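Reading through the structure tokens given below for one structure.
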Amino acid sequence: MDYDVAILDLFDDSEEATARRRGWVGAVQRGFRADRPEDELVDRWVTHYRAERATVRGAWLPAGEFGAGPMPVATYASFDKTLNAGREVLPLRMVTDVTTSASHRRRGLLRQLIEADLADAVTSGVPVAALTASEATIYGRWGFGPATFRHGVEVDTSAGFGFRSFTDPGRVELVEPVDAWPHVRAVFDAFHARQRGSVEWPAPYEDIHTGAYDFDGGGANRKIRAAVHLGAAGAVDGFVIFKHGEKNTVAVTEMIALSPEAQLGLWSFLGNMDRVTTVTHKLSHPRDPLQWALTDLNRVRSTEIEEFLWLRVLDVPRALAARPWSGNGTVVLEVDDAQGHAAGRFEVTASAGGAEVVRTERAPEVRLTAETLGALYLGGVPVAQLHRAGRLDGEEDAVRRFAEMADLAEPPYCLTGF
């Protein structure tokens with residue numbers, strides 16, 4: 001079947017274009033097993049994608065075929081924001097809303113859409129692409145590797161919850177979410193500028209964090225609450241957005257602190273709320289000091305560790321030069337890439353925390369796929385671990401040298417889903 005593969009014009013308000021946009025949103029909702037979209041969801045979707053100058057692709061049944069109409073059988077969208085790579089904040093192609101109808105799978109639709117978009121990113125000079133995946137087995141074939149991980153925790157805040165010696169030098173104030181937004185945004189911007197692995201927030205985050213719209217339930221989100229932490233000098237240096245649940249529980253939806261004191265101050269606030277015995281957080285910082293600050297470290301229980309941000313390196317020299325390097329040395333990498341964007345041999349010479357990366361004809365010392373390069377890029381998984389798993393080839397000496405150069409002491413951290 002010859003599908004009608006096209007890019008939506010987000011600024012065309014004709015009847016046909018409006019119907020196709022509604023059909024596209026409906027296909028996304030269907031693909032993610034959500035309710036059919038209401039008018040407000042479609043309007044907000046269009047507003048956000050216009051603001052991002054997004055490219056919205058789809059595949060429709062050709063006119064005359066049974067089932068043809070404004071709803072596509074495959075959807076795909078992308079836009080450009082930024083990634084903090086550690087030494088540089090890079091342009092980032094962000095991929096989202098990828099679906100294929102259950103009745104049109106395995107017909108090459110995703111391949112056609114994603115490969116066209118990655119080629120466009122390369123032409124546009126974007127060195128890295130990213131997505132957050134609902135399934136871990138789909139995107140490796142296109143060079144995406146899991147680069148950060150989501151850590152879930154459950155904290156017992158029942159009677160006896162307390163710290164060994166922490167006294168908050170500042171204070172926490174409850175603020176209405178819409179009033180907290182300027183402070184929330186400012187804290188995130190400071191966090192993004194300094195946190196390796198952070199991805200810039202896309203446009204819907206203002207609606208999400210102010211409660212203006214609930215993308216899961218529709219209408220305003222009246223359940224979320226916000227609190228900000230003020231340091232000793234009175235400046236906002238952290239925030240938490242949360243909602244109360246059943247059985248004396250609180251679910252944290254977002255928490256960022258710019259210092260350990262602010263982090264513990266927010267946890268102290270959450271842990272000492274009346275009629276709350278359990279606090280959960282699905283995006284906890286992997287080095288959160290909470291557990292070791294408590295008198296009883298067993299009150300913090302890890303509930304899940306799951307891949308979160310997937311990265312795809314498109315420009316190897318530019319991307320590798322933008323990340324930090326921990327040791328001095330030289331290694332020749334050979335990257336195998338089915339799409340060709342990252343393929344080749346590259347001489348990496350690391351010194352003083354940075355690296356010079358150039359193409360070379362020298363014999364490779366370490367060989368890996370584009371998928372594995374994406375997983376390694378932010379330093380979220382050790383080189384030796386991937387070598388032991390058979391994901392990276394080379395003589396022991398070369399692999400050890402590469403690990404000494406590439407492994408990083410601090411883990412990457414990403415809070416941005418899209």
> Which FRET efficiency, nearest 0.05, do residue 362 and residue 304 yield, Cβ-Cβ r, R0 56 Å?
Replying inline: 0.85
> If you stretched the chain out fully between residue 124 and residue 53, how much longer would it get, using 0.36 nm times the residue separation minus the C-alpha to C-alpha distance?
Replying inline: 24.2 nm
>> Can you match Cα extents along the principal axes in Å to one of these, (i) 83, 74, 38; (ii) 81, 59, 37; (iii) 64, 61, 33, based on a calculation from the structure here?
In response: (iii)
> How would you classify the range 372-411 from its alpha-carbon gyration tensor, with a ≥ b ≥ c the square roots of the eigenvalues: rounded for a/c under 1.5, else prolate if a/b is greater than b/c, otherwise oblate?
Replying inline: oblate
>> What whole-number distance in Å separates the alpha-carbon centres of the range 1-56 and the range 198-269?
In response: 29
>> Rounded to two decimal places and with Rh computed the Kirkwood way over Cα pairs, what is Rg over Rh for the range 276-342?
In response: 1.17
> Points 7 angstrom from Cα along the Cβ direction at residue 396 and residue 1: gap in nanometres?
Replying inline: 5.6
>> Over the range 163-247, what is the relative contact order in percent, taking alpha-carbon pairs closer than 8 angstrom and at least six residues apart?
In response: 37
>> Can you classify the range 270-386 as rounded, prolate or oblate using the Cα gyration tensor, where a ≥ b ≥ c are the square roots of its eigenvalues, rounded means a/c under 1.5, and otherwise it's prolate if a/b beats b/c and oblate if not?
In response: prolate
> Does anything in the range 195-217 have its amide N under 20 Å from the 7 Å Cα→Cβ label point of residue 88, and if so which residues?
Replying inline: 195-200
>> What number comes out for accessible area per residue over the chain if the probe is 1.4 Å? Units Å², please.
In response: 47
>> Run the reach check for residue 243 against aspartates and glutamates, Cα to Cα strictly under 15 Å, same-chain hits fewer than 8 apart removed. What comes back?
In response: 154, 176, 214, 216, 254, 274
>> Quick check: pseudo-label points 7 Å beyond the Cα along Cα→Cβ at residue 296 and residue 351, how many nm apart are they?
In response: 5.6
>> Below 24 Å, Cα to Cα, which lysines can residue 247 reach? Residues fewer than 8 away in the same chain don't count.
In response: 223, 282
> Where does the charge balance sit around residue 335 when Lys and Arg score +1, Asp and Glu -1, over other residues with C-beta under 9 Å from its C-beta?
Replying inline: -1
> What part of the accessible area of the range 235-291, given as a whole %, is carbon or sulfur when the probe is 1.4 angstrom?
Replying inline: 47
>> What do you get for GluC sites (Glu not before Pro) in the range 226-291 restricted to DSSP loop and a cutoff of at most 16 other Cβ within 10 Å of the site's Cβ?
In response: 246
>> Please compute the contact order of the chain in relative form: average sequence separation of alpha-carbon pairs under 8 Å and at least six residues apart, divided by the residue count, as a percent.
In response: 18
> Among 403, 77, 338, which one moves the most in a GNM of the chain with springs linking Cα atoms closer than 10 Å?
Replying inline: 338
> So what J values fall out for the range 42-48 if you push phi through Karplus, 6.51 cos²θ - 1.76 cosθ + 1.60 with θ = phi - 60°, rounded to Hz, Gly and Pro as x?
Replying inline: 4, 4, 5, 4, 5, 4, 5
> If you average over every viewing direction, what projected area does the convex hull of the Cα atoms of the range 189-277 give, in nm²?
Replying inline: 7.0
>> With +1 assigned to the C-beta of every Lys and Arg and -1 to the C-beta of every Asp and Glu, and no other charges, what is the dipole magnitude of the range 220-282 about the Cα centre in debye, to the nearest 20?
In response: 380
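The values are calculated or read from the model by the stated rules, or taken from the named source; none is laboratory data. These numbers come from a predicted model, not from an experiment. Don't worry about glycine lacking a Cβ; one is built from the backbone with ideal geometry, like all the others, and counts go over all protein chains shown. Just the protein is used for accessible areas: all its heavy atoms, side chains included, with ligands, DNA and RNA removed. Shrake-Rupley method; radii C 1.70, N 1.55, O 1.52, S 1.80 Å.
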